[in-house]
Amino acid sequence: MLGEGILKGLKETARNALGSFVSEERLTTVEYPEQRIPLPEASRNFPFLVYDGTDWESGLRCVACQICEKECPPKCIYIDKSKDKKPDAVGKQQFYPARFDIDISVCMSCQICVEVCPFEAIKMDTEFELSTDDRFGELLLDRKELAKSNEYYHQVHPTEATEVDDRLARERAAAEAKAKAAAAAAAAKAAAPAGATTAAAAAAKPAAPAVGTPAAKPATAVPANTSAVPASEIPAGETAKNPTGTPTKAATAPPAEQNAVPHAEAPRAPKFDAAKPDAAKPDAAKPDAAKPDVLKAETRKEGDAS
């Protein structure tokens, strides 16, 4: 039937209008702005910057990485990175935004800046009452106007804020443990060379002899006798001697060792005839034969004397 949908709508409107006098459930409106309906937690409007602690300037989580500025579709974020560093809320030296502006007259509330931020520094606000008659002055918000505390973040998005705080606490604890382990390893590495030097010096130092124990004398090398006379040429009944007068090894060794030749035969000494002990010696009875120069000198002296 023509107009059936319109009649159904009017019926629903009349039911709520008349029912609002007898039931609060039928009250579909509130006396705004005196009365306000609580906004759902997932609602969003425009971004704001989160800071920790009580000082917004030193507690800003933003480190001016400029990722949100590059990813913003309408290009409504303007950031200038600082030239120096300053400690953040936990005492770590960080860069900070010297300028952070958002033109909310251009912002489309897409929340991409929140999704790409690696430091949980920018979040979406639920505030929507931002109307003004100054479009260019009042709708371009700077970092001071954008900064809001972490407590405010817990008020507008409690579930999300609690999850973010837990994750940041775990990351900070892991970073502190890693720093402590690195410091301990550096201290152990610095102490290792000193200990190694002490151990090397102790190992190089000779051990002191025991008290009451005489020190062992160094062994004296005995020169090898290469002029020994073979056992076959040693006369019977006499002790064979080298030209130096010392007994030979062949005279004192057993017969089996005397005949054994384990290596090349040593050079033999000249034969010594026991029957002619003075054969190899110079003639003692003829002293002048060995001294011709002395005799000539004495003859010359006698001639001069005569």
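The values are calculated or read from the model by the stated rules, or taken from the named source; none is laboratory data. None of the values given here were measured: they were computed from a predicted structure. Every residue, glycine as well, gets a Cβ built from its backbone with ideal geometry; the counts of neighbours run over all protein chains shown.
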Quiz prompt | Cβ pairs under 8 Å, 6+ apart, first in the range 146-158 and in contact (Cβ under 8 Å) with a residue 24 or more places away in the chain and over 13 Å from residue 59 (Cα atoms), second in a helix (DSSP H, G or I) and of a type outside the set (A, V, I, L, M, F, W, C) | solution = none
Quiz item: When the range 1-41 is examined, which residues are found to be aliphatic (A, V, I, L, M) and touching a residue at least 40 places away in the same chain (Cβ under 8 Å)?
Solution: 39
Quiz item: Out of curiosity, is residue 42 among the aliphatic types (A, V, I, L, M) and either in contact with a strand residue (DSSP E or B) (Cβ under 6 Å, 6 or more places away or on another chain) or surrounded by 11 or more Cβ atoms within 10 Å (Cβ to Cβ) (or both)?
Solution: no
Self-check item: Candidate set from the range 120-140 (those that are of a type in the set (A, V, I, L, M, F, W, C) and touching a Leu at 6+ places or on another chain (Cβ under 9 Å)); member that is surrounded by the most Cβ atoms within 10 Å (Cβ to Cβ)
Solution: 122
Quiz item: What is the residue count in the range 75-96 for residues that are among the hydrophobic types (A, V, I, L, M, F, W, C) and assigned to a strand (DSSP E or B)?
Solution: 2
Quiz item: What helices (runs of 4 or more DSSP H), lying completely within the range 122-177, carry at least 1 residues that are at pLDDT 90 or above and farther than 19 Å from residue 47 by Cβ?
Solution: none
Quiz prompt | Selected residue [among the β-branched types (Val, Ile, Thr), surrounded by 13 or more Cβ atoms within 10 Å (Cβ to Cβ) and either over 30 Å from residue 142 (Cα atoms) or touching an Asp or Glu at 6+ places or on another chain (Cβ under 7 Å) (or both)] from 6, 104, 79 | solution = 79
Quiz item: For residue 79, all conditions in the list (1) over 32 Å from the mean Cα position of the chain (by Cα); (2) farther than 16 Å from residue 144 by Cα hold save one; what is the number of the exception?
Solution: (2)
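This table checks each residue for (1) aromatic (Phe, Trp, Tyr); (2) touching a strand residue (DSSP E or B) at 6+ places or on another chain (Cβ under 9 Å).
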residue: 87; (1), (2): no, yes
residue: 95; (1), (2): yes, yes
residue: 101; (1), (2): no, yes
residue: 106; (1), (2): no, no
residue: 114; (1), (2): no, yes
residue: 121; (1), (2): no, yes
